Amino acid sequence: MSGTPKISEAELMEMVRQHLEEQRHRKAVEEARLRKEAEERERKKRLGELKNGMLIDVKKFLAEIKKQSKEFNNDDFEMFCTKISSFEKKIHDAQNVKILNSLRLMFPKIQKEIREFIEKNFHAEERNGIPVEIDRLHYQLSHLEKRMSDEENRLGKNSDNRGFKKTNEEIQEIMTFLLSGDTKDAGSLLQKTEADFQTRIDRVTSLDEGLKQRKYASEEVCDELKSMIEGLKTDPMIMLWQPQIIADLESRLSEAWSAVSLEQFEVPQVILGEVTQLISDIIKNVNTCQIKADQRKYIANGIAHTLCEMGFTVASPVEEHPGHPATALIIHADNPLGKAVDVSVPIDSQVWYSVDGYPKTSEAIVGGGTAAVCDEAENVLNEMHRNLESEFGIKMSNLFWEGKDPNRTLRRKDELPTGKSSRESHYSN
């Protein structure tokens, strides 16, 4: 801005300020609705992904059963299919991740129940139908090896590393007995190994269920974090004032998932609590900032309109730093006589003026020295201030500029717009 800048502070009347705050509140309600809708879309998306994963596992298990269907009579096979179809329907009908997680815990029990039924009614019958004892033991041993492989895949080898190792060692020992023709010791050890293996699997499965329950609960917390982040991405005010917060929150989400992988299942809940509070604080802060921005825009538009009514040609307010939400709004106005007023309206309510084309003089002040005087420009700005208050409810403080005699303000106070004495402005060139 050219010339010696002059400063005044703007204060909105209560009615105007209340109107702007009510407008912001209505918009904040709409922004909250957009966030909630986005969160719900993300939850449904995650629910769909989990359902698809579960349905794939169920179909794989059904295919496994079908491979053995020749061993079943039609009634038995129909019973298995009905049970699995009923379970599939429960998956399709699940309304949220919590319900689906309970089904995820239920599925291994259904698999175990069906496999035990097959073992009891078909494999045992097939084994007992083998006439030669050593062949029966070989069949029984190969079946145990397959079961151990299946359980390792289901539970993970690390779930009972010592147990799986012990079973494998005993299998090798049984094989040695069989190779030497010792069916008695082979049969005795095989019976003991099968019983021990089943006991350990039951114990590990029980522990695994508790572990999975905690794991699924912590995954659910991570999913909720993700939903909250997706909600924020749809909020135009968040993306305007604090877009960097998305990267920060996504980093916290990665931290939560890492904790799950390390079985630190309590950590995601702690992170969720911290993020929830952070988001609440951010939304409050963003609304406060936007109210100030709305007030800045109202003041800038009021000034532009008033200068236009006073005979100036006025350009629309523009951002001093385009794209930055807290930047000042700049107004340029000039008249046919070659006189110009430039205005800067920052977000903190302090308004800066620079005038050009107006005569500037100096006058002696009490106590010695001189003070800068610009009567015509001051009168124009004071007239604008009076109009701003009467038409727009914007109260402006007394003008101040470098070199102005402070006593001059006091002598003319009754001629200027009323403002709070504490809002007398300060200036540095």
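Before moving on, here are some points about what is shown:
- 3J(HN,Hα) from dihedral phi, segment 294-307, Karplus parametrisation 6.51/-1.76/1.60, rounded to Hz, x for glycine, proline: 5, 5, 4, 5, 4, 5, 4, 5, x, 5, 4, 5, 5, 4
- A Förster radius of 25 Å, combined with the Cβ-Cβ distance separating Lys297 from Leu34, puts the computed FRET efficiency at roughly 0.70.
- The P(r) of segment 166-250 has a tail past 15 Å containing 73 percent of all C-alpha pairs.
Values in this text are rule-based calculations from the coordinates and carry no lab data. Fair warning: this is a prediction, and the values are worked out from it, not measured in the lab. Note that we place each Cβ from the backbone using ideal geometry, even for glycine, and neighbour counts take in every protein chain shown.
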